[in-house]
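A.B. asks: The following block contains the structure, expressed as structure tokens.
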Amino acid sequence: MAPKIDPEVGCTIPEPGEWPVDPQDDVEARDDRLWIDGCFDFFHHGHAGVMLQARRLGDSLLVGIHSDEEILKHKGPTVMNLEERVAAVNACRFSTLCVPSSPYVTSLPWIDHYGCKYVVHGDDITSDANGEDAYRFVKKAGRMKIVKRTPYISTTDLVGRMLLVTKDHHIKSLTDYLSGKEGIGSDDERGERGKAAQQRIREYASAPNGIDPYVAVWKFKPKHRPIERRRSSAAGLLKGMNSLHLSDSGKGSYSSIVDGLGPKPGQRIVYVDGSFDLFSSGQITFLKTVYDLETKLGQDRDWFSPSATQQRITDTGADYPPAYIIAGLHDDDIVNHYKGLNYPIMNILERGLCVVQCKYIHSVVFSAPFTPSISFLSSLPALATSETTGVQHPDAVYHGPTSFLPSPTDVYADAKAINIFHQTRSHQFADVNAEHIVKRIWAKRGEFEERQKRKGVKSVAEAEAARQEAEALRLERRDTLERLEAPKKKQEEIKRKKLERSWSEIEKQFGA
């Protein structure tokens, strides 16, 4: 039997049993079941931003991801393959279901099959290989919802940073940036950008519905200047770390950025840290591995039994996972100290937003020290807010099997000394970190430079298409208003003429 073809898009419409993910039978469309699709190439917070806005419009969000072949045809080579991109989308807290290999030009039969009434996209235009709007058929059907595109971030921007080896994106002080004291532009512009960044952190820290509070976000301020900012040589750094370890490492204070949820009774408190630069599939899979390991430990201690589950719901009003996972992020200058060049490719705000939106994380600490000492681990805010009494340090500190940031000392020595350190097992993306991704870009530099040029040309056409679409919408609104105003104007004209006749009659009777 010949495959069914969408007559508009030209893509194949799978038969039951051939759809990329379940359900295999058609689902009745609902207004609160939404569709969003894209490339999602090395996942950044702009992707999370549009998914967050889409999720707020309904109860379910299905995310279509284009195949490597489709993206190559319409846009250019991908940096991350389909499997890596699926892992990233699955890790987003606002995603309900990931649908891989969805058509680049959005197909109505595809979204109909999955029961989605509307498609959501940012307020920019995405064009196909022919320069036509990839959402033209959805818009024609009146099934499109537009949300704001996240500013200052895109895959194209990030690739540009790698090719040009720029450091202009680095943030010296997150506190100053959020308060409008750091950054380009006027005082007013920096202030507005800082307020927008604070709002974005609060929004990304929300629960899966995109509304309720969830992730607790903190900023760590060290009592003393970090050692990495005092020493430049490896020998000096080693000497400094040895001499200052007891008095210097990890002492400081915390300020709250987002008041999220704290640990609940019975939850193990877990700490992980890193640069999380480019939020690669290796880092995402590491976080999922930690989550899965703690889930397995929960199973071993009967956490998921019906009686235990019901008891948690009775005591707290809702169920919750067996572990409360905290992620610490290092400042840009700390990452650059150890890695050099223009690392990190994403600044601390961009990296932090990626971690904040991740479904495997419950709390984030910005500006965490490179060495998680006992003094730092024992001062984590989650310990002070924990409903489990008597907790003096996290139950576990995890690290992956590979290291992106080299260090002359064992930074996890304290965690090992109190037997809470665990190294996770290797996985298929264990070698995929920011450096690996940059090497991918440089290995195919010519192709990606051509992609950047094509994107520049397409951006001009897409901007013109967006202008034309906005003008058409303006004219449509004007015509609608005129149609709505026409009966009112007609009534006013009738009243005016009636009044004129009345005055004419009065003048005839009594004189002018």
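No lab work stands behind these numbers, since they all come straight from the coordinates. All figures in this text were calculated on a predicted structure; none of them were measured in a lab. All Cβ positions, glycine included, derive from the backbone under ideal geometry; neighbour counts span all protein chains shown.
A.B. asks: Say the cut-off is 24 Å between C-alpha atoms; which of K75/K167; K172/K416; K172/K251 go over it? Don't skip to the answer; put the middle values down first.
C.D. replies: Numbers: K75/K167 27 Å; K172/K416 31 Å; K172/K251 20 Å.
Pairs exceeding 24 Å: K75/K167; K172/K416.
A.B. asks: By per-residue mean of other Cβ atoms within 10 Å, what is the highest-first order of 69-81, 155-167, 97-109, 295-307? Mind dumping the intermediate values first?
C.D. replies: Numbers: 69-81: 18.1, 155-167: 16.5, 97-109: 20.8, 295-307: 12.3.
Packing proxy ranking, top to bottom: 97-109, 69-81, 155-167, 295-307.
A.B. asks: Okay, moving on. Rank by packing, highest mean first: peptides 185-196, 341-352, 34-45, with packing defined as the count of other Cβ atoms within 10 Å averaged across residues. Don't skip to the end; give the middle numbers.
C.D. replies: On the way: 185-196: 13.4, 341-352: 23.7, 34-45: 25.2.
My ranking of the peptides, most packed first, is 34-45, 341-352, 185-196.
A.B. asks: What list of ³J(HN,Hα) couplings, whole Hz, do you get for region 425-439 from phi and the Karplus terms 6.51, -1.76, 1.60, once you set θ to phi - 60° and write x for glycine and proline?
C.D. replies: Couplings: 6, 6, 8, 5, 10, 4, 8, 8, 10, 4, 4, 4, 5, 4, 5 Hz.
A.B. asks: I would also like to ask the following. If amide H atoms are built 1.01 Å from N in the plane of the peptide, which residues on other chains or at least 5 residues away come under 5 Å of the amide H of G252?
C.D. replies: When sequence neighbours closer than 5 places are left aside, the close amide H contacts are K223.
A.B. asks: Same structure again: Around S127, which amide H atoms from residues at least 5 apart in sequence, or from another chain, sit under 5 Å from its own amide H, with H modelled in the peptide plane?
C.D. replies: Those lying under 5 Å, H to H, from S127 are A134.
A.B. asks: Excluding same-chain residues fewer than 8 positions from K490, which lysines have a Cα within less than 22 Å of its Cα?
C.D. replies: Answer for K490, where 22 Å is the Cα cut-off: K498, listed by chain and number.
A.B. asks: Additional query: Looking at region 30-150, send over the antiparallel percent of its DSSP beta bridges, to the nearest 5.
C.D. replies: Details: 1 of 18 bridges.
Among the beta bridges of region 30-150, antiparallel pairing accounts for roughly 5 percent.
A.B. asks: Calculate one ³J(HN,Hα) per residue across region 150-157 by plugging θ = phi - 60° into the Karplus curve 6.51 cos²θ - 1.76 cosθ + 1.60, and present them in order as whole Hz with x for glycine and proline.
C.D. replies: 6, x, 6, 8, 6, 4, 4, 4
A.B. asks: Same structure again: Please list, ordered by chain and number, the residues whose modelled amide H lies under 5 Å from the amide H of K117; skip anything fewer than 5 residues away on the same chain.
C.D. replies: Here R30, R33 satisfy the definition.
A.B. asks: Further question on the same structure: Among the listed pairs K140/K359; K4/K288; K181/K219, give every one whose C-alpha distance is greater than 26 Å.
C.D. replies: On the way: K140/K359 35 Å; K4/K288 38 Å; K181/K219 17 Å.
Violating the 26 Å limit, Cα to Cα: K140/K359; K4/K288.
A.B. asks: Using θ = phi - 60° and the Karplus form 6.51 cos²θ - 1.76 cosθ + 1.60, what ³J(HN,Hα) does each residue of region 133-149 get, whole Hz, x for Gly and Pro?
C.D. replies: Values per residue, Gly and Pro as x: 4, 5, 10, 4, 6, 5, 5, 4, 7, x, 10, 10, 10, 9, 10, 6, 6 Hz.
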